Amino acid sequence: MIMLGNRKVSITSIVTQQPQGRRYYNAYHKKALVNLRYFIAPLLICVSLAGVLAGGIWTWTGVFLLGVGIILDTLVTYKTKGAGFDENGEPYGIPWLQNAVMYLMLPVFVALQLALAYQIYSGMYGLELLGAVLSTGIFAGIGIIYGHELSHTKGFSFVISRWMMALSGSAHFCYAHVYNHHLELASEDDPATAPRGRDIYSHYAKSHLGQSKFLFDMEKARLKRLDKPFLSWNNRWIRGYMMSLPTIWLFFIAGGWLGVACMALVWVISNFELEALNYLEHYGLVRVKSEPIDYRHSWDNSTLFTSWFFIEIGRQADHHDRGETHFWELDEVGAPNTGVGYFTLFALALIPPVFNRFMKKHLDKWDREMATEAEREIAKQFA
């Protein structure tokens, strides 16, 4: 301790204390880095788009990047804790910046489709065309995460989400996800929750069609209450699929039925990825329908590459607790966690026996340590 005027001051505090300007620079630097890490997916989507436009072997860029993602996600198992908050309790995420990126993904979606349609129109064929279709489908599917994020908003943002999903032939998702999945999670009434033993391929069909049926039934009941006809523009189920017609028309003009077939494959791939996320987020977890949704009813995923690439979508437990909370404000809440990223889990899920063996030990642990007695009884039905 030394005397400075009338105060006793620790020498350590003098040495470690930073000037205010320096502290501000460090805080600003950290905030910039936190926000920039969520640019990985948008940048790689644009790289894949450039590959489609470049033609040749470059059309396979998106496929190659998916493989790199699986390798990186498998090797980098370090866990993160979300964007976090500064010393004043303000989130490090910059709302206007992150919202702008999500809004810009709509024109990027359009550009992806225009690029592929242009190449079909120009006569691209064979392996070159296959690479372009696969790459477009893969990164259109990855871009769907932004449609998911905006589906929890209202007004302009929700419209952006609706159009993004419509470009993938899944406009029903915006309503089914919020009013079905988030309310019926981990119960038999949620088509997006995969029961134990279901493979990812059958889940794709059952979840996609089940969510579409949910909106169909919801609109049928809503329009009946309003005394309006089901076959009308007021029907959000019909209107959503009508929003997909410009894409179908674009690819038909570009290449006739070959163009439509390419578009259909893009939709199959992108929607398969969407349903794969649903599959991995809640696989095998059960809940008594009359009981509240808890953190234990979601698999959290907090590995570094998954968190940054998928804009914290792996923080499912907090997301289901606070559905309208921005992704950069989601936090660690102690939910079950397999310790493996989404890319790695996706690769495992493509081989159902391998995935089932991997998940069995985690489900057994969940049954022992987290499930209620009633939930264990439900789980026994799938043993």
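Miscellaneous remarks
- Remark on the chain: hydrodynamic radius 22.5 angstrom, per the Kirkwood mean of 1/r across alpha carbon pairs.
- Membrane-span-like helices of the chain, defined as complete DSSP H segments with a Cα extent of 20 Å or more along the helix axis and a mean Kyte hydropathy of at least -0.5, are identified as 40-54, 61-75, 95-121, 126-150, 245-282.
- Within a Gaussian network of the chain (alpha carbon springs, distance under 10 Å), most fluctuating of PHE214, PHE309, PHE355: PHE355
- Eligible aspartates and glutamates near LYS81 by straight Cα distance, threshold 16 Å, same-chain separation 8 or greater: GLU90, ASP300, GLU312, ASP318, GLU329, ASP331, GLU332
- Relative contact order of the chain, defined on C-alpha pairs under 8 angstrom at six or more residues apart (%): 21 percent
- For LYS289, the aspartates and glutamates whose Cα falls under 12 Å of its own Cα, not counting residues fewer than eight places away in the same chain, are GLU184, GLU188, ASP189, ASP190, GLU375.
- For the chain, size of Cβ-based charge dipole, Lys and Arg +1, Asp and Glu -1, in debye: 400 debye
- Listed from fewest to most Cβ neighbours within 10 Å, the set LEU350, LEU363, LEU245 follows the order LEU245, LEU350, LEU363.
- Cβ-placed point charges (K, R +1; D, E -1), dipole of segment 215-255 about Cα centre in debye, nearest 20: 200 debye
- Sequence-distant lysines (8 or more away, or on other chains) whose Cα lies within less than 16 Å of LYS220: LYS228
- Dipole-positive endmost among PHE230, VAL286, VAL354 within the chain (Cβ charges, Cα centre): PHE230
- DSSP loop GluC sites (Glu not before Pro) with at most 13 other Cβ within 10 Å excluded, longest remaining stretch of the chain: 189-323
- Rounded to the nearest 20 debye, dipole of segment 92-233 from Cβ charges on Lys, Arg, Asp, Glu: 360 debye
- Shown for LYS360, LYS154: other C-beta atoms within 10 Å of each C-beta, ranked fewest to most, produce the order LYS154, LYS360.
- Counting other Cβ atoms within 10 Å as a rough exposure proxy, the listed residues TRP96, TRP163 run TRP96, TRP163 from fewest neighbours to most.
Rule-based calculations on the coordinates, nothing more; no lab input. None of these values were measured; they are calculated from a predicted model. Note that each Cβ is placed from the backbone with ideal geometry, even for glycine, and that neighbours are counted across all protein chains shown.
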